[in-house]
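What follows is a single structure, written as structure tokens, with notes after it.
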Amino acid sequence: VDKAWKELSNILSGIFCASLNFIDSTNTVTPTASFKPLGLTNGTDHRLLRYAVLPREIVCTENLTPWKKLLPCGSKAGLAVLLKAERLFHSSYHSQAVHIRPICRDASCLAVSWELRQTLTVVFETFSSGQGKKDWSLFKMFSRTLTEACPLASQSKIYVDVSAKDKEKELLEVTPSPTAVHEAIVQGEKRTYAVYDLLSPSLFNTSRSLNVQLKWKRPQDSLELSVPVLHAQRYVSGYGLQTGEISTLIYNTHPYRAFPVILLETVPWYLRLYVHTLTIITKGKENKPSYIHYQPAQDRRRPHLLEMLIQLPANSVTKITIQFERALLKWTEYTPDPNHGFYVSPSVLSALVPSVIAMKDADMEQSPLFTTLFPSSDGSSYFVRLYTEPLLVNLPTPDFSMPYNVICLTCTVVAVCYGSFYNLLTRTFHVEEPTRGGLAKRLANIIRKFRGVPPL
């Protein structure tokens, strides 16, 4: 499995022009409960799973170009026309993913196909870039408009969330008029979407391009965002460069429902965890996990792995803390910018969050897009996997200017002193005796003698 994992990471690194080839045993773990195989899998043995994170690497244009080439029409037609790198990478947040899994080709499942799903998530700050207005359009965000659907696509739609509170229903205006309006329950909330079907011939009858615009009829003073039921944050505390503490805060804002959550922590080997200092506090009381799995790290071989199943009471904040000690690395193991710090991969939270609004089976069948993006086992709960922010930890760093000075001094000594000494030892000296000149020189000296000029 480890050999196949290394081959896979190198292949994906070459396909997407990414740094995935830096995935090795020092940042790879085998989770037991947080992840499971997707699609058709015969075995559920967790020893066949691998999970790795490169928190220092970020997505750039070189990764977006090969990602777009995997699309049926590339970036020539369809929704991929909007994927302009200059606009995407000036946004507040961007993330691209590729999901591959085996699925049944037909209802009898006699043949198996491989499903490739590509997702791109982008967050634009239209409120700050739009001079305090919440109006937006496709041209403002992407500086492009849609002209046609991808000819190879069987479905190509744009969903615009027009959900609003009771007082704001008449304040929203979407142009052009949508082809349909769809209602769905997304993560426990009822949402209304304006749907634009790019395959509909009536959509491009009036104009050759589609520029979806959303306008507010009157300015809004404040923007109230709903708080998700499950969210978390993570930070590192402490002083000095010897010890520290990693703290994770998990929030359950559901008014009356408690639910369990699986926490996955991956910590590099150079942060030596003190497992006896692990504390879980909820509402001032100790919260004992019902399941815990810990795999200690090995220096320069594997990281720490900590998995816990924690019960989150209703309307509560759970604080998880663990202390660590910083190790002193070899001078060749430091990054080119060691004073910037070392990144710690984010925590992973997996939970079945209870829904406030029950979803019917008929709603799930009518909304295949939202049920795949937001999986739900039944109408009472939906699955959520969250990633906290990565941490930046400083390690004891030697003075790298001293090796530089030593190298410069050594090179000077070698070049000047040893070089001159070696040159003297290996050089051979030849004494050239003066030789008498030829016939021309003799004639010249005779002439110079008659003239009274010194000879040559």
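The sum of -39500 (n - 2.57) across all DSSP H runs of n ≥ 4, divided by the residue count of the chain, sets its helix-only mean residue ellipticity at 222 nm to -5000 deg cm²/dmol. Karplus couplings for the stretch 85-94 from phi (6.51 cos²θ - 1.76 cosθ + 1.60, θ = phi - 60°), rounded to Hz, Gly and Pro as x? Once θ is set to phi - 60°, the couplings for the stretch 85-94 become 4, 4, 7, 5, 8, 9, 7, 6, 8, 8 Hz.
Computed 3J(HN,Hα) for the stretch 226-240, one whole-Hz value per residue from the Karplus formula 6.51 cos²θ - 1.76 cosθ + 1.60 where θ = phi - 60°, is 6, 7, x, 5, 10, 8, 8, 8, 9, 8, 10, 10, x, 9, x, glycine and proline marked x.
Charges were assigned to the Cβ only: +1 to each Lys and Arg, -1 to each Asp and Glu. The resulting dipole of the chain about its Cα centre is roughly 2020 debye.
Listed peptides 31-39, 419-427 appear in the order 31-39, 419-427 once ranked by packing, highest mean of other Cβ atoms within 10 Å at the front.
Scoring 255-267, 228-240 by mean Cβ neighbours within 10 Å over their residues and listing the highest first yields 255-267, 228-240. How far, in degrees from 0 to 90, does helix 401-413 lean away from the longest principal axis of the Cα atoms of the chain, to the nearest 10? Tilt relative to the chain: about 20 degrees. Residues whose amide H comes within less than 5 Å of that of LEU71, counting only those at least five positions distant or on another chain, are absent (H built at 1.01 Å from N in the peptide plane). Checked against a 30 Å cut-off, the cross-linked pairs LYS190/LYS215; LYS76/LYS190; LYS157/LYS190; LYS285/LYS330; LYS68/LYS140 give Cα-Cα distances beyond that limit for LYS76/LYS190; LYS285/LYS330. Remark: spin-label model distance ASN394-PHE139 equals 5.0 nm, labels positioned 7 Å along the Cα→Cβ axis. Positive end of the dipole of the chain (Cβ unit charges, origin at the Cα centre): among LEU171, LEU210, ALA314, the Cα lying farthest that way belongs to LEU210. For the stretch 171-187, 3J(HN,Hα) computed residue by residue from phi via the Karplus equation (6.51, -1.76, 1.60; θ = phi - 60°) reads 8, 8, 9, 10, 10, x, 5, x, 6, 7, 10, 10, 10, 8, 9, 10, 6 Hz, glycine and proline entered as x. Near the amide H of SER156, within less than 5 Å, lie the amide hydrogens of LEU198, LEU199, all on another chain or at least 5 residues away, with H placed in the peptide plane. Label-to-label distance for VAL98 and LYS330 is 3.3 nm, based on points extended 7 Å past Cα in the beta-carbon direction.
Applying 1/(1 + (r/R0)^6) with r as the Cβ-Cβ distance of ASN339 and ALA153 and R0 = 60 angstrom yields a FRET efficiency of 0.75. Here the chain has 56 percent of its accessible surface on carbon and sulfur atoms, given a 1.4 Å probe and all protein chains in place.
Between VAL453 and ASN423, the C-beta separation translates, for a Förster distance of 51 Å, into a calculated FRET efficiency of about 0.75. Peptide packing: for 316-328, 440-452, the average count of neighbouring Cβ atoms within 10 Å per residue gives the ranking 316-328, 440-452, highest mean first.
Net length available on complete extension from PHE22 to LEU8 is 3.8 nm, with 0.36 nm assigned per residue and the Cα-Cα distance removed. Extension gain, GLN118 to LYS190: 0.36 nm times the residue separation minus the Cα-Cα distance gives 23.3 nm. Under 5 Å between amide hydrogens, built in the peptide plane, is the criterion, and for CYS150 it picks out GLY78, LEU79 among residues at least 5 positions away or on other chains. Here VAL236 and THR61 are evaluated by their C-beta separation; at R0 = 41 Å the FRET efficiency comes out at 0.85. Calculated accessible area for the chain comes out at 64 Å² per residue, all protein chains present (probe 1.4 Å; ligands, DNA, RNA ignored). By the beta carbon rule, with partners counted only under 4.7 Å, the chain holds these lone Cys residues: CYS17, CYS60, CYS408, CYS411, CYS417.
The values are calculated or read from the model by the stated rules, or taken from the named source; none is laboratory data. Since this is a predicted model, take the numbers as computed values, not measurements. Heads up, the Cβs are rebuilt from the backbone with ideal geometry, glycines too, and the neighbour counts pull from every protein chain shown. The protein model used for the area step is the full one, side chains on, heavy atoms only, and it has no ligands, DNA or RNA in it. Shrake-Rupley method; radii C 1.70, N 1.55, O 1.52, S 1.80 Å.
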